[in-house]
Amino acid sequence: MTLTALVLQHDSTIHLGNLEPVLREHGYELRIVDATAEDLGAIDPTEADLLVVLGGEMGAYETDAYPFLLSERALVRARLDAERPTLGVCLGAQVMAGALGERVYKGDTTQIGFRTVETTDAGATSPLRHFAGVPVAQWHGDTFDLPERATRLATSGDYSNEAFAIDEWALAVQFHPEVTDEMHERWLADGSAALAEQKLDAEALRDERARYSAAMQDASRRAFSEWLDALQRS
C-alpha cells in the first residue's frame, strides 16, 4: 500500500536529509511543498497520511515578515485537531506549538553545534530513547511553551522543551536529527555570519561532526523507523 507524506519545506538546504530514505522504506510517496511560495490554504490538511514540517531560518512568531506562517499555522492546527499523524522538526516543532495556541519566542541562547539532550521518563520509553547520550545537531535560538495536550520527551540544559509528543500520532523535535554531513557542511558555509556573531569556529564544528554525526545518523534511523512502525500499526 502506498502512503503519502506531505512535506512543508522552507529552504532548499533544510530538507528531509536522512529522514527521506526512512520514509521511502516505510512506503511513503513524498510531496515536497515550498511553504514560502505555494498556496497552503488550498491544501487539504487531513488528506496526506503524514505531514512533516521542516526547519527554516525564520522564527515561527515572525508572521509580519513571513505572512505564509499564518496559513501554515492554520493548516497544522487543522491537522492536529483531526489527530492526523504529524512530525515537526525545529521550526516545525515551533509551528506545531504555536498552532496549539502556545507562545513561541526567542530564547536566551543560540545553540549551534552538537549537544546532548536528556530524555524524560516518558521519552525513555519512546522512540526518542535512541538519542539518549547521543549528541545531536542543534541550530536554533527560539523556543516555545509546551502544549497542554503534549508530553515532554526531551530537555537540555538551555531549553526545557527539546521534544514532545501527542499520543503516538504527533512528534516534534527542536533539534536537527535529520542533518546529514553534506547538509551540515552547507549550513556552515551559508551560516558564516551567524557563526561569527556567536564567535564559533567552523573547523571546531566540523570536528564535532566527525565525532558525533555517525551515532546521530544511526539514532535518527532507529527512532523514526520505530515511530513510523507504530503509526502503521495504529
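The values are calculated or read from the model by the stated rules, or taken from the named source; none is laboratory data. On a predicted model such as this, the values are computed, not experimentally measured, just so you know. Note that each Cβ is placed from the backbone with ideal geometry, even for glycine, and that neighbours are counted across all protein chains shown.
Observations on the structure shown:
- Strands (runs of 3 or more DSSP E) contained in the stretch 118-234 and holding at least 3 residues in contact (Cβ under 8 Å) with a residue 60 or more places away in the chain: 136-144, 163-166, 170-173
- If you go through the stretch 1-51 and keep only what is out of contact with any strand residue (DSSP E or B) (no Cβ under 7 Å at 6 or more places or on another chain), in contact (Cβ under 8 Å) with a residue 24 or more places away in the chain and of a type in the set (S, T, N, Q), you end up with 13, 18, 36, 46.
- Just one residue in the set 92, 101 is closer than 23 Å to residue 145 by Cβ, without any contact (Cβ under 8 Å) to a residue 60 or more places away in the chain and not charged (D, E, K, R); that residue is 101.
- Scanning the stretch 117-141 for residues that are at pLDDT 95 or above and under 21 Å from residue 56 (Cβ atoms) gives 117, 136, 137, 138, 139.
- Evaluation of residue 94 against (1) surrounded by fewer than 24 Cβ atoms within 10 Å (Cβ to Cβ); (2) not in a loop (DSSP other than H, G, I, E, B) (one fails), failing number: (1)
- Looking at 211, 233, 221, just one residue is modelled with pLDDT under 95 and over 13 Å from residue 139 (Cα atoms), and that residue is 233.
- Residue match in the stretch 55-66 (condition: under 21 Å from residue 217 (Cβ atoms) and touching a strand residue (DSSP E or B) at 6+ places or on another chain (Cβ under 8 Å)): yes
- Strands (runs of 3 or more DSSP E) wholly inside the stretch 1-87 containing at least 3 residues that are surrounded by fewer than 15 Cβ atoms within 10 Å (Cβ to Cβ): 28-34
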